[in-house]
Protein chains: 2
Amino acid sequence: MEFMIIHHQLFHTLHQLSRHTTNQLNDALKPLGLYGSQWAVLFVLKRKGSLTQKELCDYLFVEAPPMTRTIQRLVKQGYVRQVQGGRDKREKYIELTEAALLEYHKWEKVVNDVNGELLNCLPPSSQQELFTLQNSWLQLLLKGRD
Amino acid sequence: MEFMIIHHQLFHTLHQLSRHTTNQLNDALKPLGLYGSQWAVLFVLKRKGSLTQKELCDYLFVEAPPMTRTIQRLVKQGYVRQVQGGRDKREKYIELTEAALLEYHKWEKVVNDVNGELLNCLPPSSQQELFTLQNSWLQLLLKGRD
DNA sequence: CAGATATAGTTACCTAGGTAATTAATTTTG
DNA sequence: CAAAATTAATTACCTAGGTAACTATATCTG
């Protein structure tokens, strides 16, 4: 019976950690005029290059409607372009603009700083262990849900 | 430089896990007419008894406005009562109703089942280790922010 | 090939949770 | 004690992310 309480605490702690870290990220990004959800998209585009919205959704495990909203905001700010895909006229390729590439390093530094600050209270071995545990759990959960 | 990528992946995985598990919880609660945020309040009230809204906020690390909303919804559903506090007329004590106490065991079983299902792909030792790591990280983060 | 089915993206609307501003009651302080 | 500062709760409004319904294009099938 005791393990049910452990489960409860585990989910509670997971939830708190996620909220706390995304709040910290948003605070750090605010002076740059960006939100966490926007940064996630910019980060993926920088690494992967041009992607369709569907591919972005699949990569970030986000449904299509919030992705549309995030991208429309990035378009309005001039950091991203929607390009009509050649073959399939339904899909839109999303790519970073010159403006985004110019600012990217500044954004990246801010994010790396806040990430480092959030994690510097944990020894690197614990960070690695935490990541390994979280990652294998997530993989197992997603495997079961395909 | 490599650790920045690990950091990024760690936060990404944390975020995904939190979203996935709260989505699963909400799916499981839907047939009962409850949301995850409501369950969190009901759970604390069952354990701790009558609490003020401020105490609930402090316990769940949630700001006052969302707590007001969640409680108002629970009041409307008849699962919770707001009682004007005796000494301080600003504060409102929140307590479970008879209706909530009657349903509680059913809710608890549903939540325990979904929690168990989400965690049964991880061996208990990993669950314990994950909880310990998450918890110590959260404690360190909150200690720094007081 | 034409009709049915599937898919990419959008719109509308829902909950979760955050900040800023407001109100009413309580404390602090000159 | 009266005025100022603090605090519990609420209201209004913001982002994040979810589902349902819709549109337009692609693909599959009879």
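Take the residues in the range A:20-45 that are assigned to a helix (DSSP H, G or I) and open to solvent by 70 Å² or more (accessible area, probe 1.4 Å), then tell me which one is farthest from DNA strand D (Cβ to nearest atom). Among those that are assigned to a helix (DSSP H, G or I) and open to solvent by 70 Å² or more (accessible area, probe 1.4 Å), it is A:P31.
The residue that is least open to solvent (accessible area, probe 1.4 Å), among those in the range B:63-93 that are of a type in the set (A, V, I, L, M) and closer than 19 Å to A:Q16 by Cα, is B:M67. Is it the case, given these coordinates, that B:L60 is within 11 Å of DNA strand C (Cβ to nearest atom), within 13 Å of chain A (Cβ to nearest Cβ) and open to solvent by less than 30 Å² (accessible area, probe 1.4 Å)? So B:L60 fits the description; yes.
Listed by position, the helices (runs of 4 or more DSSP H) inside the range B:61-146 whose residues that are of a type in the set (G, A, S) and under 23 Å from B:W39 (Cα atoms) number at least 3 are B:98-119. Taking each residue of the range B:82-97 that is in contact (Cβ under 8 Å) with a residue 40 or more places away in the chain and looking for partners that are among the small types (G, A, S) and surrounded by 13 or more Cβ atoms within 10 Å (Cβ to Cβ) with beta-carbon atoms closer than 7 Å, six or more apart or interchain, yields B:K92/B:G85; B:Y93/B:S50; B:Y93/B:G85; B:I94/B:S50; B:E95/B:S50.
Once the range B:63-82 is narrowed to residues that are of a type in the set (S, T, Y) and within 13 Å of DNA strand C (Cβ to nearest atom), the residue that is nearest to B:D27 (Cα to Cα) is B:T70. B:K48 satisfies every condition listed in (1) open to solvent by less than 30 Å² (accessible area, probe 1.4 Å); (2) away from DNA strand C (no atom under 13 Å from the Cβ); (3) within 15 Å of the chain's Cα centre (by Cα) except (1). Look at (1) within 7 Å of another protein chain (Cβ to nearest Cβ); (2) loosely packed, with under 14 Cβ neighbours inside 10 Å; (3) not hydrophobic (A, V, I, L, M, F, W, C) and you find that A:Q127 fails only one, number (2).
The set of residues in the range B:1-57 that are among the acidic types (D, E) and more than 13 Å from chain A (Cβ to nearest Cβ) contains only B:E55.
With respect to the conditions (1) surrounded by 13 or more Cβ atoms within 10 Å (Cβ to Cβ); (2) near DNA strand C (Cβ under 10 Å from one of its atoms); (3) modelled with pLDDT of 95 or more, A:L96 falls short on a single one, namely (2).
The values are calculated or read from the model by the stated rules, or taken from the named source; none is laboratory data. As the structure is a prediction and not an experimental result, all values here were calculated from the model. A quick note on method: Cβ atoms are made from the backbone with ideal geometry, for glycine too, and the neighbour counts reach across all protein chains shown. Keep in mind that these areas ignore ligands, DNA and RNA; they rest on the heavy atoms of the full protein, side chains included. Shrake-Rupley method; radii C 1.70, N 1.55, O 1.52, S 1.80 Å.
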